[in-house]
Amino acid sequence: MTDLPAYVLEREFAAPPLLVWRTWTEPALLARWYGPNVETIIHRLDVTPGGLWLNEMKMRGQSAFQRTEFLEVDRPRRLVALMASADAQWNIVASPMMPDWPRILLTEVTFQPKNGGTHMRLVWTPHDASPAEIACFKAAMDSMGKGWGSGMVVLAELLEELKRAE
Amino acid sequence: MAVRYADQLDRTFHALGDRSRRQMLSAIRRKGACSAGQLAALFDSAQQTTSKHLKVLEEAGLVARSVEGRHHIFTLRPDRMSQAQVWLEHHLQFWRGSLDQLDNLLDELQQPKGPRK
């Protein structure tokens with residue numbers, strides 16, 4: 001378990017932990033921020049151990065489904081869940097475009113009070129992953145240090161725009 | 001490592017900051033591969049100008065050059081980049097975008113409610 005590659009994302013918010021917690025755990029609030037520039041529809045949100053968050057995101061006439069199962073709920077400090085892509089029947093599926101990307105990511109998010117605001121920490125780890133999935137995730141981690149990162153995504157998106165403009 | 005990242009990003013944005021170069025990238029993408037000559041003909045520019053642009057693109061790591069006889073063939077490097085890395089970046093972009101939206105929502109939720117002027 002300790003040898004699994006993990007990705008950590010940290011962020012600070014100018015809001016107290018309890019408010020940030022609410023935005024993660026109340027459907028009306030969660031739908032407003034989860035999923036950039038997409039319409040988010042929350043089919044179910046049961047924030048208890050074993051409970052499910054069934055999420056649909058609509059973009060350009062297509063839907064993407066996500067099935068999240070909560071493991072630990074420690075209000076307002078910590079949430080641990082298994083996040084996975086799903087089909088329309090909420091079965092866990094691998095991404096057709098990237099079959100070796102871990103189907104299930106163990107996601108741990110913590111909210112710590114800091115200077116009147118909140119320090120949030122998100123950690124992703126492949127869960128129940130095959131050697132191929134672990135290798136894929138690790139390869140992604142390793143290549144981050146080589147300096148391509150967001151530049152590549154900017155390029156990919158720019159080229160998409162160019163294509164659309166043609 | 002951090003310094004290398006900044007340099008690379010600078011080179012990428014410098015390369016992309018020129019319209020001719022962006023058009024060349026688009027053409028290479030459409031055709032899959034182009035020779036320097038083909039690109040010069042396509043944009044009706046001098047071979048030297050095209051070559052200069054291609055060098056900038058190559059140094060930014062955006063195109064790969066392969067020499068076949070007298071021809072220099074250019075392909076788009078993103079196709080050869082680690083797929084896993086691009087995928088991770090998409091994942092991160094999703095989260096960064098979402099967290100930006102969360103930031104805005106938190107600001108909105110903390111606005112004092114009351115009679116508007």
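Give me the pairs: first residue in the range B:18-42 and within 14 Å of chain A (Cβ to nearest Cβ) and in contact (Cβ under 8 Å) with a residue 24 or more places away in the chain, second residue among the β-branched types (V, I, T) and in a helix (DSSP H, G or I), beta-carbon distance under 9 Å, and six or more apart or on different chains, which are they?
B:D18/B:V56; B:S20/B:T49; B:S20/B:T50; B:R21/B:V56; B:M24/B:T50
For the range A:7-39, which positions are among the aliphatic types (A, V, I, L, M) and in a helix (DSSP H, G or I)?
A:L18, A:L19, A:V20, A:A28, A:L29, A:L30, A:A31
Against the condition modelled with pLDDT under 85, surrounded by 14 or more Cβ atoms within 10 Å (Cβ to Cβ), closer than 30 Å to A:V20 by Cβ and more than 12 Å from the chain's Cα centre (by Cα), how does B:W87 come out, does it pass?
Yes: the conditions hold for B:W87.
In the range B:58-70, is there at least one residue being assigned to a helix (DSSP H, G or I), buried (at least 19 other Cβ atoms within 10 Å of the Cβ) and β-branched (V, I, T)?
no
Take the residues of the range A:5-39 that are at the interface with chain B (Cβ under 10 Å from one of its Cβ atoms) and polar (S, T, N, Q): which is least open to solvent (accessible area, probe 1.4 Å)?
Ranking the candidates gives A:T23 first.
Would you check which residues across the range A:60-97 are basic (K, R) and at pLDDT below 95 and list them?
Kept after step one, since they are basic (K, R), are these residues of the range A:60-97: A:60, A:67, A:75, A:77-78.
Hit for the range A:60-97 is A:R60, nothing else.
Which ones in the range A:11-48 are farther than 22 Å from B:Q110 by Cα and not polar (S, T, N, Q)?
A:V38, A:E39, A:I41, A:I42, A:H43, A:R44, A:L45, A:D46, A:V47
In the list A:R60, A:R78, which residue meets the criterion of being over 26 Å from B:D107 (Cβ atoms) and among the basic types (K, R)?
On inspection, the qualifying residue turns out to be A:R60.
Given the criterion open to solvent by 10 Å² or more (accessible area, probe 1.4 Å) and modelled with pLDDT under 90, identify the matching residue among B:D10, B:D100.
Criteria check complete, one pass: B:D10.
Looking at B:S45, B:S26, which one is at pLDDT 80 or above, assigned to a loop (DSSP other than H, G, I, E, B) and in contact with a helix residue (DSSP H, G or I) (Cβ under 8 Å, 6 or more places away or on another chain)?
B:S45
In the range A:63-96, which residue that is more than 17 Å from the chain's Cα centre (by Cα) and within 14 Å of chain B (Cβ to nearest Cβ) is least open to solvent (accessible area, probe 1.4 Å)?
In this case the residue turns out to be A:P76.
Consider the range A:119-152. How many of its residues are of a type in the set (A, V, I, L, M), modelled with pLDDT under 80 and over 30 Å from A:W21 (Cβ atoms)?
1
Going through B:T75, B:T50 one at a time, which residue ends up being within 14 Å of the chain's Cα centre (by Cα), touching a residue at least 12 places away in the same chain (Cβ under 8 Å) and more than 13 Å from chain A (Cβ to nearest Cβ)?
When all the criteria are applied, what remains is B:T75.
Residue check: is A:W101 assigned to a loop (DSSP other than H, G, I, E, B), free of Cβ contacts under 8 Å to residues at least 40 places away in the same chain, at negative phi and surrounded by 13 or more Cβ atoms within 10 Å (Cβ to Cβ)?
So A:W101 passes the test.
Just to be sure I understand, how many residues within the range A:40-62 are in a strand (DSSP E or B) and open to solvent by less than 50 Å² (accessible area, probe 1.4 Å)?
10
The values are calculated or read from the model by the stated rules, or taken from the named source; none is laboratory data. Remember, predicted model here, so these are calculated numbers, not experimental data. We place every Cβ from the backbone using ideal geometry, glycine too, and count neighbours over all the protein chains shown. Side chains are part of the model used for accessible areas, which takes the heavy atoms of the whole protein and leaves out ligands, DNA and RNA. Shrake-Rupley method; radii C 1.70, N 1.55, O 1.52, S 1.80 Å.
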